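Below is one structure, written out as structure tokens, with a few remarks after it.
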Amino acid sequence: MNHPPALLRSLAEKVGTPFWLYDARVIRQRIADIQFLTDTEGVQARFAMKACPATKVLKEMKAANIWIDAVSGNEVLRALRAGHPTGHQPPVICLTCDVFRDNALPVVLENGILPNIGSPGQIADLKKAGYSGPISVRVNPGFGHGHVNACDTGGPSSKHGIWLEDLFATKEMADKAGLEITMLHAHIGSGPQFQELHDNLTRLAAEFVTLLEKFTKVNTISLGGGIPHNYRDHGAQVPIEPLHELFASCHQRLVSKARRDLRLEIEPGRYYVAPGCTLVTRVTDVKQTRSNEKGSGATFAMVDAGFVDLVRPAMYGSYHAIDIVGKDDEDPNVPREPIVVAGPLCESGDIFTRDDRELLAPRLLPRPAAGDLLTLRDAGAYGYAMSSNYNSIGRAPQLWLEDDGSVEIISRRENIDDLLKAETSERLA
């Protein structure tokens, strides 16, 4: 959403730029949408916390009885520190991964976390570590994809999950290891079209129906995440009523087939948080290149945010709406011109206005001037979560805007001490 220019300028004066601004009202509305989708008895929502693992957001999920899908040991620990409970009864926190690394296995054992394995070899890893509890198995159903091709979550090119035809061999391995499979899971991704999502979810539920006769201990089926968010059209709404009906009917079919109580789960990530955060940056200069034999010239708005802050445009060519604060770009009388928005990094790819072929894709914007604030909208999902310290730049602060207009800092700007705190000099041999 667009925030009042006076608010953004005041915050920029207090904390500097760039900064992230979360809007509690927007995030709570998205949480309410998911609560509506899952208000059928036996249907439960999780939050794929990798999208936005801020403690403030995790606490909002706990208050709404949204469970957690974590993908690393430290994500589990973050969820625990935010107040989410341990244990398998019920498994409020689930750890989904294709490889156990770092502290993942100790965290699972010490906190009674349900592991959702995506590779058959993880069964041996769990057995060797002394784990004897229930497990979930992530299936690659052979179809589905993410919001861009680089985010393929199902099919021959996807690394995620166990191929459907290998599932029964994996079950035999689990049986021999004494590990009981209590959940089957798949994630088909947040494809760009609602009808595609609806059709893929229906197809996925049908696949699980055929498996339940063999997996007699399964008490939960997860249809994964994948509810899309439209980054280009802020007026577009996902038709959630049909999804509500779909999840209810899928649950009924699964229970009827299994002839036992089953829980149906979904685990959106992007949908909860994408529109709920704006990256605010400052224009430092406007400069131009000229056309020559290599191509056309361009006008560059140089800003102090870069792909260390928001990497999605550089990584995927993804689209984020851009506004020049205080310049009404919806007024047809305000002239616009093609502008390339570029960051401060010593990298040619530090451009926010690129397409998925990595080519410049200038935006038609009111001409900015040095000192203007510029906003990159819909930055809540995989924004701060994927930010980095490349070029030894500290991560920007995160601010939280409450319904009553109050604002708090939920993480400060990092400094050089933060960047160096893990460096050491310890002799090993």
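So the values come out like this:
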quantity: Any hit, region 297-305, residues being free of Cβ contacts under 8 Å to residues at least 24 places away in the same chain, part of a loop (DSSP other than H, G, I, E, B) and over 23 Å from Val238 (Cβ atoms); calculated: yes
quantity: Residues of region 94-118 classified as within 22 Å of the chain's Cα centre (by Cα), surrounded by fewer than 21 Cβ atoms within 10 Å (Cβ to Cβ) and aliphatic (A, V, I, L, M), total; calculated: 1
quantity: Phe168, sole failed condition from (1) at pLDDT below 95; (2) under 27 Å from Ala45 (Cβ atoms); (3) in a helix (DSSP H, G or I); calculated: (2)
quantity: Sole exception among (1) touching a strand residue (DSSP E or B) at 6+ places or on another chain (Cβ under 6 Å); (2) touching a residue at least 40 places away in the same chain (Cβ under 8 Å) for Ile351, by number; calculated: (2)
quantity: Pair list, Cβ under 6 Å, 6 or more apart: region 375-393 residue assigned by TED's automatic domain parsing to the domain that holds Leu310, other residue modelled with pLDDT of 95 or more and of a type in the set (Phe, Trp, Tyr); calculated: Tyr384/Trp20
quantity: Residue within region 381-395 that is in contact with a Ser or Thr (Cβ under 7 Å, 6 or more places away or on another chain) and under 24 Å from Ala6 (Cβ atoms) present; calculated: no
quantity: Unmet requirement for Gly317, which otherwise passes all of (1) modelled with pLDDT under 95; (2) surrounded by fewer than 13 Cβ atoms within 10 Å (Cβ to Cβ); (3) farther than 27 Å from Ser10 by Cα; calculated: (2)
quantity: Number of the exception - Glu41 against (1) more than 19 Å from the chain's Cα centre (by Cα); (2) farther than 24 Å from Thr220 by Cβ; calculated: (2)
quantity: Selection count where residues are of a type outside the set (Asp, Glu) and either modelled with pLDDT under 95 or assigned to a loop (DSSP other than H, G, I, E, B) (or both), scope region 38-83; calculated: 13
quantity: Qualifying residue in region 240-248 (condition: within 23 Å of the chain's Cα centre (by Cα), assigned to a loop (DSSP other than H, G, I, E, B), in the same structural domain as Gly142 (by TED's automatic domain parsing) and of a type outside the set (A, V, I, L, M)); calculated: no
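The values are calculated or read from the model by the stated rules, or taken from the named source; none is laboratory data. Since the model is a prediction, treat every value here as computed from it, not as a measurement. We place every Cβ from the backbone using ideal geometry, glycine too, and count neighbours over all the protein chains shown.
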